[in-house]
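Have a look at the structure below before the remarks.
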Amino acid sequence: YTASLRTNFDNLQELSNELRIGLDRGEITVLLQPQVDTRTWSITSCEVLARWAHPTRGLITPDTFLPIAEDLNLLGELDARVFDETLKALEVARHAGLKIAHLSVNVSGKRLFKQTLIADLKARRDLPKTGLAFEVLESAFLDEASEEERLDQIWALREMGIAIGVDDFGSAQASISSVLAVQPDMVKIDQRFVRGIDQNRKLRSLMHGLIKMAHSVRAYVIVEGVETQEEADCLAEMGADALQGYIFGRPMTVEQVIELDAAIRAPNPAQEKAAE
Ligand code: C2E
Ligand code: CA
Ligand code: CA
């Protein structure tokens, strides 16, 4: 027992030492997870998910390295790397003619409501006029800033062409009214309401309420963590605008998104035969 605690501790210590070096070496990369529109069943947007491509341990997920980055006060640098990688991916996607509304980047409440964010973004000469969205955890709407400050910041971002989404909607970390007061462009409903929804009346009624509330402020509703076709069909029928989850694709490279999009758009020989 103590031996395994010790190993865990040593492991963490080692990762801490390596993260700093990894950042400098450009080992922080991003993967994209497609979001699929329920009317067209084509890819409309992608979420940007950070990964640490560790030279010996392989791909490390954010649950492991975000807390370390926070401890080491490296979150700012990490955000900057993720943002750079996102702009690169957007460039590749556009060059390939991929028609997506945006790449949606996870942004902590701390970063979103930082005084200098707008000035920092405006200082970047490579900022695209469209194609970016920020995804903010519901919990960010708790206490970081006053409602007025939040609205000002969010409108400033919108004026720069950045769409605003609320992540993990319904996780009850902030009051629904304070979240909807910022009139988010997108609302992402938490995966906890999804698992087995096709067979669970109670989940369906919760989901109905959440979708209705989000639509009441004209937000585009995305449901995440969709793993089965049954869940997807059920959610589409209930009025979700877009779906994201393993059934449509795991987080992947921008090149893989481009391939997947082409495969979805390609005429399906089996269907054409059936139509003859
Ligand atoms: P999140 O924003 O809620 O992201 C969704 C997580 O669910 C992702 O895990 C994704 O890979 C996973 N997921 C997607 N589809 C499914 C599914 O069908 N079933 C299941 N069981 N899981 C699914 P990931 O990539 O490990 O990210 C974990 C969290 O790390 C994210 O949660 C987000 O809060 C945070 N994160 C990721 N990238 C960044 C970043 O660049 N900056 C910041 N601040 N946070 C990030
Ligand atoms: Ca997210
Ligand atoms: Ca989420």
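The values are calculated or read from the model by the stated rules, or taken from the named source; none is laboratory data. Here the structure is a predicted model, which means the values were calculated and not measured. Because the Cβ atoms are built from the backbone with ideal geometry, glycine has one as well, and the counts that use them run over all protein chains shown. The accessibility values were calculated without ligands, DNA or RNA, using every heavy atom of the protein model including side chains. Shrake-Rupley method; radii C 1.70, N 1.55, O 1.52, S 1.80 Å.
Kirkwood Rh, segment 166-216, all Cα pairs: how many Å?
Values: mean 1/r = 0.0882 Å⁻¹.
In segment 166-216 this quantity evaluates to 11.3 Å.
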Of E230, E85, E18, the most mobile residue in a GNM of the chain (C-alpha springs, cutoff 10 Å) is E18
Considering only the chain, percent of DSSP beta bridges that pair antiparallel, nearest 5 | 40 percent
What full-extension length gain, to one decimal in nm, is calculated for T116 and L72 as 0.36 nm per residue of separation minus the Cα-Cα distance?
-> 13.7 nm
Per principal axis, largest first, the Cα atoms of segment 1-123 extend in Å by 54, 35, 25
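Shape of the chain from its Cα gyration tensor (a ≥ b ≥ c, root eigenvalues): rounded if a/c is under 1.5, otherwise prolate when a/b > b/c, or oblate? Numbers along the way, then the final one.
Details: a/c = 1.37, a/b = 1.23, b/c = 1.11.
Rounded is the answer for the chain, as its axis ratio a/c remains below 1.5.
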Figure the gain on full extension for R158 and A3 (residue separation times 0.36 nm, minus the Cα-Cα span) and round it to one decimal in nm.
-> 50.6 nm
Among A156, A140, A93, whose mean-square fluctuation peaks in a Gaussian network model of the chain (Cα, cutoff 10 Å)?
-> A156
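In debye to the nearest 20, how big a dipole does segment 237-276 give about its Cα centre with +1 on each Lys and Arg Cβ and -1 on each Asp and Glu Cβ?
Details: 3 positive and 7 negative charges, 22 e Å.
Rounded to the nearest 20 debye, it is 100 debye.
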With Cα springs under 10 Å, the Gaussian network model of the chain assigns the largest mean-square fluctuation among I164, I222, I28 to I28
Could you give P(r) for segment 83-224, binned at 10 Å from zero, as whole percent values over all Cα-Cα pairs?
-> 11, 39, 32, 15, 2, 0
Cα-centre dipole for the chain with unit charges at Cβ (Lys and Arg positive, Asp and Glu negative), debye to 20 = 280 debye
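Summarise the accessible area of the chain (1.4 Å probe, protein heavy atoms) by the percent that is carbon and sulfur.
Summing carbon and sulfur atoms, their accessible area is 51 percent of the total for the chain.
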The summed charge of the A89 Cβ neighbourhood (under 12 Å; Lys/Arg +1, Asp/Glu -1) stands at -3
Just name one of S45, G58, F83: the one whose Cα is farthest towards the positive end of the charge dipole of segment 39-107 (beta-carbon charges, Lys/Arg +1, Asp/Glu -1).
-> S45
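For E147 and A274 in one chain, what is 0.36 nm times their gap in residues minus the Cα-Cα distance, to one decimal in nm?
Working: separation 127, 0.36 × 127 = 45.72 nm, distance 5.57 nm.
The span from E147 to A274 would gain 40.2 nm if fully extended.
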